[in-house]
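The structure appears right after this line, and notes come after that.
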Amino acid sequence: MTEDDVNLEARLEEQDTFEPPESFVEQANVTDEGIYEEFEENWPECWEQAADLLSWDQEYDTVLEDGNAPFYEWFTGGTLNASYNCLDRHVEDGAEDRTAIEWEGEPGETRTYTYGELLEEVEAFAATLRDLGVEEDDVVTLYMPMVPELPIAMLACARIGAPHSVVFAGFSADALATRMNSASSEYLVTADGYYRRGDALDHISKTNEGLEDVDHETTTIVVDRLGDDLDHTLEDGQHDYEELVDDNRGESVEPVTRDAEDMLFLMYTSGTTGQPKGVKHTTAGYLAYTAWTSQTVLDLEPGDTYWCSADIGWITGHSYIIYGPLALGTTTVMYEGTPDYPDKDRFWEIAEKNEVDVFYTAPTAIRAFMKWGKEYPERHDLSSLRLLGTVGEPINPRAWKWYYKHIGGEECPIVDTWWQTETGGHMITTLPGVNAMKPGSAGPALPGVDARIVDAQGEEVEAGEAGYLTVQKPWPGMLRTLYQNDDRFIDEYWREYSDPDADEWVYFPEDGAKIDEDDYITVLGRVDDVLNVSGHRLGTMEIESAIVGVEGVAEAAVVGGDHEVKGEAVYAYVITEDGYEGDEELSEKIVEGVVDAIGPIAKPEEVVFTPELPKTRSGKIMRRLLEDIASGNELGNTSTLRNPEVVDDIAEQVQGD
Ligand code: PRX
């Protein structure tokens, strides 16, 4: 490091508040801090601002319908189509030749779709889906890698009023089957494979394996991504994407008018139990909210080139690669592969080449960039960047400052956006042209969002004290229910802090948090049994049930341990059945079992065999203790355990490595 670097590091180290750069504020979409008061005084009508970003077939008559809380409805009486809002209206406004999607494959080829071309592709695929029998309200599952056919399929579904259910391509065959069965989804769009670090990965075999466990007839469309790099044969009920679409090129498909509250999509996410939750998002509220937050938080404008490096298989990709940016008419960048192939500067090469204005990624990626070193971004001209964002997990101040300095060149504000699959869009973050930033703290709740930190009794805690994050007023992007499971919806999110008798409903996202004197919220992490591995949400119960499904395993407890890049890593503590050895072979089988049931993202970092799990006198597993062992923390008092002697044994195994 040069002396200048050292001085700068020292200065950054001490600084805990950063004002947004003047150059950013001058051009920002929102600069008036009066927006907070305006939204508060004019709630819920303030959300008309979001609805005004959309084109309606029929205007809504009520902003918020709260007669049947917590089954809130937004913009009722209105009708619209999401694909029309993301495509046709921009073409009608003369933006036909503006780039909608700039795609890059991992091997380096690119595809550019203008708004006009994307509309044509979407219409051709919408016609294809109809030909195959897809009707309004049929759930279409999309099990696809990051290829342009994925957004095309999403928008085609939206066009004909068929909700999509995207299943992350990294998930296993089992995960696909569970989700298709749960949604009674009879249509599947998939791909033969995709490229990862130079290899052609087979995806179709996994798809076929999953389809064997689907308990109803299915029709499948297969995108040929790999060409000669992977031969595949189509089975009965399977069709080639390109062949079908070619027959429908030039077809025009009128966008179906959808009710504001009609389902736009389903997205499965992990919860406390082994069964994933089907989060239901509807057309108007979700689209209005993602468009509004894209404009206010990500500061997007139609002329911008914007890149969110998430996978569309997660909510971030839905809201902030596809729906929000395209509703605003922005150019959105999509990349198929990993950030370190062929070299660790791949992201910065893409950012430079496309002159990306706004870049949005996850803290886990930033930690990896930090580890690789600043020389990689330094190889590229990143001066086109004007705003940076992060999402998915808490970002520590060191990683924040590295991102600020080495990617943003100290000229880009950073928005640390807290939100969830369930919230549809951003909830807690600074407004980049309004608020100062405090590294490590997401920021204040957005205007119109009533976030409060409470204790176990639901009373607000003092500034600086840790408590539970709650949201005490509804918002347009909120989930409407869990698919075909209203009871679980109430149990999971509303039971804890609401007072149904008084018709007072409080949303509980199951995160811990604290708030400071300036109302900045620092999110501390999940308080349920859900892990956040590389920004991916994984239920410990799901992993445990995969492990106990392995022959020779009697009991398992899964917890998260600190990890330098992943944030949290999966630690599995396993008791074997009598007659089985806790050896390398069983350990491998366990890892395999988890990969088969969920996917490689859930792979245990370590499998620890133990004759017993530490339990309280009432028989509850002491997870906190297992977490401390995994993270290498000092172990507190263990005398309240029924079996304190096992703790040292386990700790020695894990920490002795
Ligand atoms: O624990 C919070 C964490 O990610 C959870 C939501 O995960 P998921 O539904 O998969 O959505 C991720 C992308 C929106 C939250 O309950 N989380 C998300 N963003 C942040 C965060 N934790 C701290 N800071 C954030 N900015």
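FYI, it's all coordinate maths here, none of it is from the lab. What you are looking at is a predicted structure, and each value in this text was computed from that prediction instead of being measured. Note that we place each Cβ from the backbone using ideal geometry, even for glycine, and neighbour counts take in every protein chain shown.
Laid out as a table, the results:
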read-out	value
Computed [θ] at 222 nm, deg cm²/dmol, the chain (DSSP H ≥ 4; -39,500 (n - 2.57); rounded to nearest 500)	-8000 deg cm²/dmol
All lysines inside 19 Å of K353 as judged from Cα atoms, apart from same-chain residues fewer than 8 positions distant	K344, K374
Dipole of segment 529-656, positive direction: furthest Cα of P604, G636, H563, with charges on the beta-carbon	G636
Protection proxy ranking, peptides 448-458, 632-642, 312-322, average beta carbon neighbours within 10 Å, highest first	312-322, 448-458, 632-642
Segment 282-394: C-alpha pair distances exceeding 18 Å, %	48
Relative contact order [Cα under 8 Å, 6+ residues apart], segment 529-656, whole percent	22
Kirkwood hydrodynamic radius (C-alpha pairs) into Stokes-Einstein, segment 528-657, 4 °C and 1.567 mPa s, D in µm²/s	88
Cα centre as origin, Lys/Arg/Asp/Glu Cβ charges: segment 493-585 dipole, Debye	240
Only Lys, Arg (+1) and Asp, Glu (-1) charged, at Cβ; segment 529-656 dipole about Cα centre in debye	720
Where a label projected 7 Å from the Cα of I621 along Cα→Cβ would reach, residues of segment 507-543 with amide N under 16 Å	528-532, 538-543
Convex hull volume per residue in cubic angstrom - Cα atoms of the chain	166
Dipole axis of segment 252-315 (+1 Lys, Arg; -1 Asp, Glu on Cβ), positive-most option in V256, T269, L300	T269
Peptides ranked, highest mean first, by Cβ atoms within 10 Å: ranges 609-621, 95-107	95-107, 609-621
Relative contact order computed over the chain (Cα-Cα under 8 Å; 6+ residues apart), in percent	13
Compactness of segment 206-289 - radius of gyration and Dmax, Cα, Å	17.7, 47
Anchor K280: lysines whose Cα lies under 30 Å away (excluding residues fewer than 8 positions away in-chain)	K206, K473, K514, K566, K603
Ranked by how many other beta carbons lie within 10 Å on average, peptides 473-483, 377-387, 45-55 from highest	473-483, 45-55, 377-387
Only Lys, Arg (+1) and Asp, Glu (-1) charged, at Cβ; the chain dipole about Cα centre in debye	840
Listed residue (A156, V25, V63) projecting farthest to the positive dipole end of the chain, Cβ model	V25
Euclidean distance of C-alpha centroids, segment 223-289 and segment 484-554, integer Å	27
